[in-house]
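**Student:** Take this structure first; my questions come after.
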Amino acid sequence: MKKISGQEKVKNILATQTKASKVMKDLGINLSDEDENLALIELALKNKIPLQILLNNLAKNLGMKVEWPKVKGVDEKFIGAYGKSAGSRTGRPADIKKIVAVHSGKGGVGKTFLTIALALYGLQRDKKIGLLDLDIDCPNVYKALGLKGRLIANKNRQIEPLNYRGLKVISMGAVLERENEAIMWRGPILTKAIEQLLYDTAWGELDLLIIDFPPGTGDAPLTLFNMLKPDAVIAVTTATPIALLDTSKTIDMCKQLGVKVAGLVVNMSGDIMGKLSKQEATKKLGVELLASIEMSKKYGGGLNWNEQPDSTLKRKIKAIWKKIFS
Ligand SMILES: Nc1ncnc2c1ncn2[C@@H]1O[C@H](COP(=O)(O)OP(=O)(O)OP(=O)(O)O)[C@@H](O)[C@H]1O
Ligand SMILES: [Mg+2]
């Protein structure tokens, strides 16, 4: 982290910028610094800069108001993401019948692909489906579904989800000013964001809320699982030894947190990434193999079943669906 030239400069930047990433850039804080958010918060606290301005503006982008926590020993005006209010709400949002999370310890194995496939399958069965993209840094659902809209608040000050053919979608992709903008939130800021996306969204009645996660057992799944226990987690992997190792961590995390794993989906199955039998799934990961989905160029460019029915994939998704609703 570089030295900054004085309180006034910091104050001006914080007062005029709305994005943490821009503020940090203007302050000359190394964006690859692991503790960048913490550094920013500490900087604001040290200089008696109301970090609230910054976070209020972020919230304003979502059309929302932040209620600030009271933290003992800290001047109320100068607190930001610290405090009890981050992650203080827990439990299932009203009117959501089932919550299922798609997870993998490994990146790029098809979590987003499977999440969307399950959601589209549900839509075709006339179910009311919501999709919550909790990959905050790389909100791929927005791009994968070709969404265009922004998240805005309705008259009840709730976030109005985007609509994809009846699917209600919340994704940070709809908050970014430009597609390749980086979101670098950690710790309490991320917790607060997840809490707001989950609880302050106008989901309405849903038969199923399906959640897409970033890879790994980091902030996003831990935060969510501390807020609520989903009815089931679907673990996704490829059959490569490394992906299987990383996915075993998904299963261990769920075990440690008391979250039920409905089963495993092996994606990109075939000659290149390998295959896994039912017996091997039970032996290596201790979970039921729900489906193996072949690697195919049909799945590389996104899913739109209304235009490209794919009976093989549908059959497999149906088997997973049956398990979720059994
Ligand atoms: N069975 C498949 N055959 C071919 N391509 C696939 C298959 N499944 C997914 N893909 C493609 O592989 C890429 C990675 O998939 P996806 O983004 O769903 O993975 P992910 O696990 O969500 O990744 P991340 O960890 O980055 O969130 C995408 O381009 C997707 O369309
Ligand atoms: Mg993804």
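Just so it is clear, none of the values below were taken in a lab; they were calculated from the coordinates. A quick note: this is a predicted structure, and the numbers were derived from the prediction, not measured. Cβ coordinates were reconstructed from backbone atoms using ideal geometry, including for glycine residues, and neighbour counts include every protein chain displayed.
**Student:** Is region 138-271 best put as rounded, prolate or oblate by its Cα gyration tensor, with a ≥ b ≥ c the root eigenvalues, rounded for a/c under 1.5, and otherwise prolate when a/b is larger than b/c, oblate when not?
**Tutor:** prolate
**Student:** Averaging sequence separations of C-alpha pairs under 8 Å and six or more residues apart, then dividing by the length of region 99-324, give the relative contact order as a whole percent.
**Tutor:** Averaging sequence separation for qualifying contacts and normalising by length gives 26 percent for region 99-324.
**Student:** While we're on this one: For each of 207, 212, 126, count neighbouring Cβ atoms within 10 Å of the residue's Cβ, then give the residues from fewest to most.
**Tutor:** The most exposed by this proxy come first: 126, 207, 212.
**Student:** Please state the shape class of region 227-325: rounded when a/c is under 1.5, otherwise prolate if a/b exceeds b/c and oblate if not, all from the C-alpha gyration tensor.
**Tutor:** In terms of gyration-tensor shape, oblate.
**Student:** Dividing the Cα convex hull volume of region 99-324 by residue count, how many Å³ per residue is that? Each step should come with its number before you reach the end.
**Tutor:** Numbers: hull volume 27.6 nm³, N = 226.
Hull volume normalised by residue count: 122 Å³.
**Student:** Still on this model: Can you compute the FRET efficiency between residue 288 and residue 226 using 1/(1 + (r/R0)^6), with r the Cβ-Cβ distance and R0 = 30 Å? Round to the nearest 0.05.
**Tutor:** Details: r = 26 Å, r/R0 = 0.87.
E between residue 288 and residue 226, to the nearest 0.05, is 0.70.
**Student:** Could you pull out the GluC sites (Glu not before Pro) across region 221-305 that fall in loop regions by DSSP (anything but H, G, I, E, B) with no more than 13 other Cβ atoms inside 10 Å?
**Tutor:** Passing sites in region 221-305 are 288.
**Student:** For residue 314 and residue 256 in one chain, what is 0.36 nm times their gap in residues minus the Cα-Cα distance, to one decimal in nm?
**Tutor:** 17.6 nm
**Student:** Once each part is reduced to its C-alpha centroid, what is the distance from region 263-285 to region 140-219 in angstrom?
**Tutor:** About 31 Å separates the Cα centre of region 263-285 from the one of region 140-219.
**Student:** Would you order 248, 311, 277, 171 from fewest to most other beta-carbon atoms within 10 Å of each residue's own beta-carbon? Don't jump to the answer; show the numbers that get you there.
**Tutor:** Details: 248 17, 311 7, 277 12, 171 26.
Listing 248, 311, 277, 171 from fewest to most nearby Cβ atoms yields 311, 277, 248, 171.
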